[in-house]
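Everything on this sheet refers to the single structure shown next.
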Amino acid sequence: MKPLSFLLLIPFVFIACSRDTAFDRFSITQHQKLAENSIQSSKIKYKNSIDGVVNVVYLNEVLPKEYNNHEYFYLYLYTKDKDPKLTFLLNKKPASRITKLDANNQFTKLISFDAPWSQYYLVEFPKQGDKLHFKLKNKQFNSDILKFEKDK
């Protein structure tokens, strides 16, 4: 009888804990939750060499009231290359506007990362379809394709 009651108790324990998410344990805003869920990262590499890392937040998903007439991305990246030649692509099309930002910028509060050695950008593209494939290039180095999908 004891083993049976123990087996019946296990699902109730998991159900009771399932209402909480990792974000429920911290005091963060809804925009911060959306931004942390939206972040995608990739190494910037060529063959077996790694030049750095890029982190990308799709702002249309995080701040839809402010960012909705084009496709907007907030990026923070680090490259070993001291003179990077960055190209930002969305669905193989180049960015229409690139704004380099200071380490302390309007998006810093959205994410839990700010480092003075990183580079920060607001990148804008023309409006695209529902599937967004983001890629960063630096000379011969490339990030993986980061895939974002719009909510319907």
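The values are calculated or read from the model by the stated rules, or taken from the named source; none is laboratory data. Since we're looking at a predicted model, the values are computed, not measured. With ideal geometry, Cβ positions are generated from the backbone for all residues, glycine too; neighbour counts draw on all protein chains shown. Areas reflect the complete protein model, heavy atoms only, side chains present, ligands, DNA and RNA absent. Shrake-Rupley method; radii C 1.70, N 1.55, O 1.52, S 1.80 Å.
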Subject >> Residue pairs, from the table Lys109/Lys139; Lys109/Lys137; Lys93/Lys131; Lys85/Lys131; Lys47/Lys92, whose Cα atoms sit over 24 Å apart >> reply: Lys109/Lys139; Lys109/Lys137; Lys85/Lys131
Original post:
Along the stretch 87-99, what does the Karplus equation 6.51 cos²θ - 1.76 cosθ + 1.60 (θ = phi - 60°) give for ³J(HN,Hα), rounded to whole Hz, x for Gly and Pro?
Top reply: 10, 10, 10, 10, 6, 6, 10, x, 5, 8, 8, 10, 10
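What does the charge count around Asp81 come to, taking other residues whose C-beta lies under 10 Å from its C-beta (Lys +1, Arg +1, Asp -1, Glu -1)? Present the calculation step by step, with values, prior to reporting the outcome.
Numbers: positive: Lys80, Lys82, Lys85, Lys139; negative: Asp51, Asp83.
In short, +2.
In the stretch 45-152, what percent of the accessible surface is made up of carbon and sulfur (1.4 Å probe, ligands and nucleic acids excluded)? Write down the numbers at each step before the final one.
Values: 3150 of 6300 Å².
Looking at the stretch 45-152 in its full context, I get 50 percent from C and S.
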